[in-house]
Amino acid sequence: MAGQVIRICVAFCIFSLIVAIPKPEEGKKTRDPLSNEKHYGDNDEHNTVYDHEAFLGEDEAKSFDNLSPEESKERLSKIVDQIDKDKDQFVTQKELDEWIQYTQKRYIRNDVERQWKAHNPDDKQMLTWEDYKNITYGNLDETDDDPQDENAISYKEMIKRDKRRWKLADKNGDEALDKEEFGDFLHPEEAPHMHDVVLTETLEDIDKDKDGKISLEEYIGDMFGGAENPDDEPDWVKNEREQFTNYRDKDKDGYLDREEIRQWILPPDYNHSEAEARHLIYESDINKDGKLTKEEILEKYDVFVGSQATDFGEALTATHDEF
């Protein structure tokens, strides 16, 4: 469950902010809201599932499981027509960037709608903390503490984390959230006033010895399970060690403090959608002119939508009017 949170962020019983860490680029690649997948796996193998989710949005990508390559290309062709907003027969980096931003915003919007209905079946204007807690955790009391029941202790911690996040999302302090505030609660990385709780939860999840900072070992352990032989460590992990030492650890004390964590997970000068658009063009631009034709995209359709992973569903029916 923990791997979903940078997108879903404490929906129902999710309580960890840890997500898969894509391969870093130029010392700035961090926790990425575009996909829960690793962009590069062991041995630097490119994981196209990451690109599928970034390009389509998570909901659509999950439903793209049973189409043939021919069907995939046919549906991808229709989406390319939507991306090419100026109808000049080319997809530019800017158009691809805007499309990726659109799919992510659509995912968040749909996720908030879905969870608002699930937690607010009576469609009230406001959702109270008690109603949310009861629907999410049942009769479990946030003050219960049974040392013999590991699950009870875990849920107690989840309730505490949810309540802390709830209070921050509750701008007027009335202990109830409207739909907009509920969206901030679910997706705090999208709301600047919620960023402190993103930092706090990240630190809690990675800081195993609870000393208030993240060591190199904790940093690497968060994203890589380890290799029996250190010489077998993938290049991207070795690169991350260098990123920690050369970029992330600004004061060179061997740890990431809170401000250094902020620069890592919420860098002000890094645009995820722009970086992904640039990556997709790099992977697909056969003639290297810096833009993509429909033919180039269809030739590399597996990068965008995958073989037998391409039921465009909502991406085809909803976007004609919305994009």
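The residue of region 89-119 that is nearest to the chain's Cα centre (by Cα), among those that are charged (D, E, K, R) and open to solvent by 60 Å² or more (accessible area, probe 1.4 Å), is Lys105. Criterion first (open to solvent by 30 Å² or more (accessible area, probe 1.4 Å) and either without any contact (Cβ under 8 Å) to a residue 12 or more places away in the chain or assigned to a loop (DSSP other than H, G, I, E, B) (or both)) does Asp231 satisfy it? So Asp231 passes the test. Among the conditions (1) part of a helix (DSSP H, G or I); (2) more than 24 Å from Lys163 (Cα to Cα); (3) of a type in the set (Ser, Thr, Tyr); (4) touching a residue at least 40 places away in the same chain (Cβ under 8 Å), the only one that Thr202 does not satisfy is (2).
Within the bounds of region 187-197, is there any residue that is in a helix (DSSP H, G or I), of a type in the set (A, V, I, L, M) and over 19 Å from Thr128 (Cβ atoms)? Yes, because at least one residue in region 187-197 is in a helix (DSSP H, G or I), of a type in the set (A, V, I, L, M) and over 19 Å from Thr128 (Cβ atoms). Can Pro267 be described as in contact (Cβ under 8 Å) with a residue 60 or more places away in the chain, at negative phi and within 22 Å of the chain's Cα centre (by Cα)? Spelling it out, Pro267 is indeed in contact (Cβ under 8 Å) with a residue 60 or more places away in the chain, at negative phi and within 22 Å of the chain's Cα centre (by Cα).
Restricting region 236-262 to residues that are of a type in the set (Lys, Arg) and assigned to a helix (DSSP H, G or I), the residue that is surrounded by the most Cβ atoms within 10 Å (Cβ to Cβ) is Arg248. For region 295-309, the tally of residues that are surrounded by fewer than 17 Cβ atoms within 10 Å (Cβ to Cβ) and at pLDDT 95 or above stands at 1.
As a summary of the residue check, Pro69 satisfies the conditions (1) at pLDDT 90 or above; (2) in contact with a Ser or Thr (Cβ under 7 Å, 6 or more places away or on another chain); (3) open to solvent by less than 50 Å² (accessible area, probe 1.4 Å) except for the one numbered (1). Among the numbered conditions (1) in contact with a helix residue (DSSP H, G or I) (Cβ under 8 Å, 6 or more places away or on another chain); (2) in a helix (DSSP H, G or I), the only one that Lys117 does not meet is (1). When region 171-186 is filtered for residues that are assigned to a helix (DSSP H, G or I) and of a type outside the set (Lys, Arg), the ones remaining, listed by number, are Glu180, Glu181, Phe182, Gly183, Asp184, Phe185, Leu186.
The sole residue among Tyr282, Tyr270 that is within 30 Å of Leu216 (Cα to Cα), out of contact with any helix residue (DSSP H, G or I) (no Cβ under 7 Å at 6 or more places or on another chain) and not β-branched (Val, Ile, Thr) is Tyr270.
If I filter region 263-277 for residues that are open to solvent by 20 Å² or more (accessible area, probe 1.4 Å), modelled with pLDDT under 85, part of a loop (DSSP other than H, G, I, E, B) and more than 30 Å from Gly212 (Cα to Cα), do I get at least one hit? No, region 263-277 has no match at all.
The values are calculated or read from the model by the stated rules, or taken from the named source; none is laboratory data. This one's a predicted model, so the numbers in the text were calculated from it and none came from an experiment. Reconstructed Cβ throughout: ideal geometry from the backbone, glycine too, with neighbour counts over all protein chains shown. Note: areas computed on protein heavy atoms with side chains; ligands, DNA, RNA excluded. Shrake-Rupley method; radii C 1.70, N 1.55, O 1.52, S 1.80 Å.
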